[in-house]
1. Among the numbered criteria (1) touching a residue at least 24 places away in the same chain (Cβ under 8 Å); (2) in a strand (DSSP E or B); (3) over 11 Å from the mean Cα position of the chain (by Cα); (4) closer than 18 Å to residue 9 by Cβ, which one does residue 28 miss?
2. If residue 81 passes every condition in (1) modelled with pLDDT of 90 or more; (2) surrounded by 16 or more Cβ atoms within 10 Å (Cβ to Cβ) but one, which one does it miss?
3. Might you let me know whether segment 101-109 holds any residue that is within 14 Å of residue 26 (Cβ to Cβ), at pLDDT 90 or above, in contact with a strand residue (DSSP E or B) (Cβ under 6 Å, 6 or more places away or on another chain) and in a loop (DSSP other than H, G, I, E, B)?
4. Kindly establish whether residue 72 is part of a strand (DSSP E or B) and either more than 18 Å from residue 96 (Cα to Cα) or out of contact with any strand residue (DSSP E or B) (no Cβ under 7 Å at 6 or more places or on another chain) (or both).
5. Residue by residue through segment 50-63, note down the ones that are crowded, with 22+ Cβ neighbours inside 10 Å and closer than 17 Å to residue 86 by Cβ.
6. Which condition number does residue 60 fail, the rest of (1) in a loop (DSSP other than H, G, I, E, B); (2) farther than 21 Å from residue 8 by Cβ; (3) more than 13 Å from the chain's Cα centre (by Cα) being met?
7. So is residue 93 assigned to a loop (DSSP other than H, G, I, E, B), surrounded by fewer than 12 Cβ atoms within 10 Å (Cβ to Cβ) and modelled with pLDDT of 90 or more or not?
8. It is to be established whether one or more residues within segment 38-49 are in a strand (DSSP E or B), in contact with a strand residue (DSSP E or B) (Cβ under 9 Å, 6 or more places away or on another chain), free of Cβ contacts under 8 Å to residues at least 60 places away in the same chain and surrounded by 13 or more Cβ atoms within 10 Å (Cβ to Cβ).
């Protein structure tokens with residue numbers, strides 16, 4: 001297992017970008033729950049954040065793509081509006097172990113496909 005980030009580093013209602021060996025991910029904490037996704041819009045594969053660690057809309061209610069303004073649910077990553085409506089961000093399976101967000105090493109072997 002690979003340790004990515006402490007869950008405590010992600011403040012409630014915020015997001016945090018994570019880079020490991022040129023694999024780009026981000027985590028969001030909402031209602032004390034952590035969600036982890038690949039940092040790729042399903043529309044064109046572009047990074048989502050509009051500023052470092054800024055993946056959420058101004059209200060902190062939805063994930064927003066900086067390229068075309070697509071809006072995604074935090075829970076589940078479903079696109080609600082924009083050019084990829086109905087598609088999903090690709091979630092990354094993880095475990096919380098002693099407060100650390102951890103993924104299987106095999107997760108980093110292949111770049112995720114666009115969905």
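1. That leaves (3) as the condition not met.
2. Of the numbered conditions (1) modelled with pLDDT of 90 or more; (2) surrounded by 16 or more Cβ atoms within 10 Å (Cβ to Cβ), the odd one out for residue 81 is (2).
3. Step one: filter segment 101-109 for residues within 14 Å of residue 26 (Cβ to Cβ), giving 101, 103.
From the residues that got through so far, the ones that are at pLDDT 90 or above too are 101, 103.
Right, trim to in contact with a strand residue (DSSP E or B) (Cβ under 6 Å, 6 or more places away or on another chain) and you get 101, 103.
If we keep only those that are in a loop (DSSP other than H, G, I, E, B) as well, we get none.
Scanning segment 101-109 turns up no residue that is within 14 Å of residue 26 (Cβ to Cβ), at pLDDT 90 or above, in contact with a strand residue (DSSP E or B) (Cβ under 6 Å, 6 or more places away or on another chain) and in a loop (DSSP other than H, G, I, E, B).
4. Details: part of a strand (DSSP E or B): yes; either more than 18 Å from residue 96 (Cα to Cα) or out of contact with any strand residue (DSSP E or B) (no Cβ under 7 Å at 6 or more places or on another chain) (or both): yes.
So residue 72 fits the description; yes.
5. First, pick out the residues of segment 50-63 that are crowded, with 22+ Cβ neighbours inside 10 Å: 55-56, 63.
Within segment 50-63, just 63 meets the criteria.
6. Every listed condition holds for residue 60 apart from (2).
7. yes
8. Going through segment 38-49, the residues in a strand (DSSP E or B) turn out to be 38.
Those left that are additionally in contact with a strand residue (DSSP E or B) (Cβ under 9 Å, 6 or more places away or on another chain): 38.
Still in the list and also free of Cβ contacts under 8 Å to residues at least 60 places away in the same chain: none.
Checking segment 38-49: not a single residue is in a strand (DSSP E or B), in contact with a strand residue (DSSP E or B) (Cβ under 9 Å, 6 or more places away or on another chain), free of Cβ contacts under 8 Å to residues at least 60 places away in the same chain and surrounded by 13 or more Cβ atoms within 10 Å (Cβ to Cβ).
The values are calculated or read from the model by the stated rules, or taken from the named source; none is laboratory data. Since the structure is predicted, the reported quantities are computational estimates derived from the model, not experimental observations. As a convention, Cβ positions derive from the backbone with ideal geometry for all residues, glycine included, and neighbour counts pool all protein chains shown.
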